[in-house]
Structures are given as C-alpha cells and as structure tokens.
Amino acid sequence: MTKPILAGALALATSLALVGLGLAQPATGLSSLRGASVDEQVPVEQVFQQETKRFNREYRQQPPLIPHSVDQYQIDIRANQCLSCHDWTNAGDRGAPTLSMTHYLDRDGVEMDEVAGTRWFCNQCHVPQVNAPALVENLFEPSASR
C-alpha cells in the first residue's frame with residue numbers, strides 16, 4: 001500500500017474509534033428541563049380534572065374553551081363529532097352553542113351551508129378547559145376591554 005492511503009485509512013480508523021467511545025459514554029450529568037436526570041422516573045403528583053364551569057375569555061377573538069371532555073371524540077378527515085351538537089342544524093335541539101358564522105365561510109369569504117374545511121378541525125383552536133397550574137411562568141395580563 002502507498003503511504004498516503006495507509007495514513008488515510010489509519011486516520012479514518014482512529015476517528016471512528018473515538019466517535020464510538022464518545023457514543024458509548026453514559027449520559028451522566030445531563031438533566032432535563034424538569035430538573036431530573038434524563039432516565040429518572042418523575043412521579044405525577046396530581047391529575048387535573050376537566051373544569052365544567054365556563055372560563056372567561058382573556059382577550060378579544062379568543063376561541064371559546066371547551067367545557068366538557070373530548071377524549072373519545074372523533075375528529076378526522078371523515079367525521080367531526082363536535083358537529084353533532086354544535087352545527088347550526090343541531091345546536092338548538094341539543095342546547096349547545098352554535099358555531100360562529102365565520103366557521104361557514106370559505107377562504108374567499110363565500111358563505112356556505114356546511115362548515116368550511118379550514119374550520120373542520122375544532123381542536124386546532126379550541127381546547128378543553130382545565131384548572132391546572134401553568135407549566136411555565138406566564139406574565140400575560142388580560143385586555144382591559146374584554
């Protein structure tokens with residue numbers, strides 16, 4: 001073998017060996033944002049339950065929070081279980097709030113008889129309300145003119 005090829009092969013082998021040793025080192029000294037070791041089990045102290053009383057909105061145009069569980073609701077490309085109560089054709093019979101008329105406008109502002117595809121996935125804007133502590137510090141102050 002020529003000397004340059006031998007030197008290159010030796011350098012490659014040394015590099016691979018060092019990388020392998022680096023990957024094989026245990027993850028000691030690392031900690032996560034939760035303040036525990038990466039591989040340490042952290043017990044959950046309390047499970048927060050769904051809050052059934054309505055929460056106030058904190059800013060203009062805030063989507064309403066959902067005051068009931070939606071754990072078993074089907075919301076996918078084929079079905080939207082929310083509409084069984086909240087669509088304008090059913091809301092009166094079910095005693096549920098009707099969707100805003102903005103949910104029936106297509107992207108060009110044309111009014112339709114059914115929910116627009118851009119508003120089909122309710123949980124991209126609406127979330128279940130729960131009385132749980134904030135995960136991170138929040139200095140948000142509600143608008144004075146709610």
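Figures for the structure shown
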| read-out | value |
| --- | --- |
| Pair list, Cβ < 8 Å and 6+ apart or interchain, from the stretch 53-66 residues that are surrounded by 14 or more Cβ atoms within 10 Å (Cβ to Cβ) and in a loop (DSSP other than H, G, I, E, B) to residues that are at pLDDT 80 or above and of a type in the set (Val, Ile, Thr) | LEU65/VAL127 |
| Every pair of residues 6+ apart whose Cβ atoms lie under 7 Å, when the first sits in the stretch 103-123 and is free of Cβ contacts under 8 Å to residues at least 60 places away in the same chain while the second is outside any loop (DSSP other than H, G, I, E, B) and of a type in the set (Lys, Arg) | HIS103/ARG119 |
| Selection count where residues are of a type outside the set (D, E, K, R), out of contact with any helix residue (DSSP H, G or I) (no Cβ under 7 Å at 6 or more places or on another chain) and farther than 15 Å from ARG119 by Cβ, scope the stretch 82-106 | 4 |
| Filter pass, PRO97 being over 30 Å from GLU137 (Cα atoms) and modelled with pLDDT under 85 | no |
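The values are calculated or read from the model by the stated rules, or taken from the named source; none is laboratory data. This structure is a prediction, so every number in the text was calculated from the model and none was measured. As a convention, Cβ positions derive from the backbone with ideal geometry for all residues, glycine included, and neighbour counts pool all protein chains shown.
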